[in-house]
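The values are calculated or read from the model by the stated rules, or taken from the named source; none is laboratory data. Predicted model only: the values in this text are computed from it and were never measured. Glycine gets a Cβ as well: all are built from the backbone with ideal geometry, and neighbour counts include every protein chain shown. For the accessible areas, the whole protein counts, side chains as well, though only heavy atoms, and no ligand, DNA or RNA atoms are used. Shrake-Rupley method; radii C 1.70, N 1.55, O 1.52, S 1.80 Å.
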Amino acid sequence: MSDGLWVLFVTAAVFTVASLIALWVTARRDPRRLRCAVLLLIAAFWLLVTLVTASPMFGERGQTIFLVIAGVLLVAWLAAMGMLPLLLVIDGLIVLRREGIRSRTGLLVLAAGIALLLLPGVTASLARNDRWWSMALFTLVTFIGTYLGTFLVVMLAQFVVRALFGGRRRVPDPDVLIVLGSGLINGKVPPLLASRLDRALQVSAEEALQGRRPMFVVSGGRGSDEPRAEAEAMAEYLNRGECPMSASSWRTAPARRGRTW
């Protein structure tokens, strides 16, 4: 190995270890932070550089193995970027099926996925046109596509971090269980919001087995297209689930230690 390649290998190895240590420390404090995803991507990049630069140290067979590993990581990266638009479309359709066509979140996710799927064809068509407006649109579309693609890769990395380190850690003996609203449909709790409330009921039942009865705090106002406040509908849903909460406690529950959905 040449001196220049050796220096690059040592530098890449140091950056890899430093990135992994920073990721471990940050994720142990709070794995939901976006910096965890960024640190994971930085560590993956420097690990790839380390593998490529270290391959000549192990002969032809070792070089082949390291190059194969590096190639697999690169293909996985490209495959993730290619799969994310399709996953957005599927997720948007699922949200629309559960929440209805009026779901802004579902429509936005579906539109973003379709736009990213059409992006390669649009950019190729603009690149073949030599007019100034076509070049300007090509630059703009390429910038937007790169930005969205990078953002989606960061979100995927964040998902990996949360899968490895877990999400919000369990608060021992919570005084309250906080459930955030997500909108009503025709004044009723939709499936997405119901899943949050069902999870809160499940935790409440688990706490009841230990002799504790935490209070629920539900959050949600009344939108212009809603006949009543979300919190009122959520309290009604929780009361039907036989939770330890009176009909008016959702307005005045004292928040101390709690868990949030």
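Summary of values
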{"quantity": "Per-bin percent of Cα-Cα distances, the range 68-133 [5 Å]", "calculated": "4, 17, 16, 14, 14, 14, 11, 7, 3, 0"}
{"quantity": "Where the chain is the region considered: accessible area per residue in Å², 1.4 Å probe", "calculated": "62"}
{"quantity": "Acute angle (nearest 10 degrees) that the helix 104-127 long axis makes with the longest principal axis of the chain, alpha-carbon atoms", "calculated": "20"}
{"quantity": "Accessible surface of the chain, 1.4 Å probe, proportion on carbon and sulfur as whole %", "calculated": "66"}
{"quantity": "Computed helical MRE - 222 nm, the chain, DSSP H runs ≥ 4 contributing -39500 (n - 2.57), nearest 500", "calculated": "-24500 deg cm²/dmol"}
{"quantity": "Antiparallel DSSP beta bridges within the chain, as percent of all bridges there, nearest 5", "calculated": "10"}
{"quantity": "Loop-resident sites, the range 128-196, for trypsin sites (Lys or Arg not before Pro), counting at most 13 other Cβ within 10 Å (DSSP)", "calculated": "Arg128, Arg131, Arg168, Arg169, Arg170"}
{"quantity": "Value of relative contact order over the chain, rounded to a whole percent, pairs C-alpha under 8 Å and six or more apart", "calculated": "16"}
{"quantity": "The chain: most fluctuating residue of Ser19, Ser103, Ser134 per GNM, C-alpha cutoff 10 Å", "calculated": "Ser134"}
{"quantity": "Between the range 56-119 and the range 163-239, the Cα center-to-center distance that results, in Å", "calculated": "31"}
{"quantity": "Selected from Val89, Val203, Val38 as most flexible by GNM, with the chain as the system and alpha-carbon contacts under 10 Å", "calculated": "Val203"}
{"quantity": "Highest-MSF residue in the chain out of Ala18, Ala235, Ala124 [GNM, Cα springs under 10 Å]", "calculated": "Ala124"}
{"quantity": "Which label in (i) 1.36; (ii) 1.62; (iii) 1.13 gives the computed Cα Rg over 2.2 N^0.38 Å", "calculated": "(i)"}
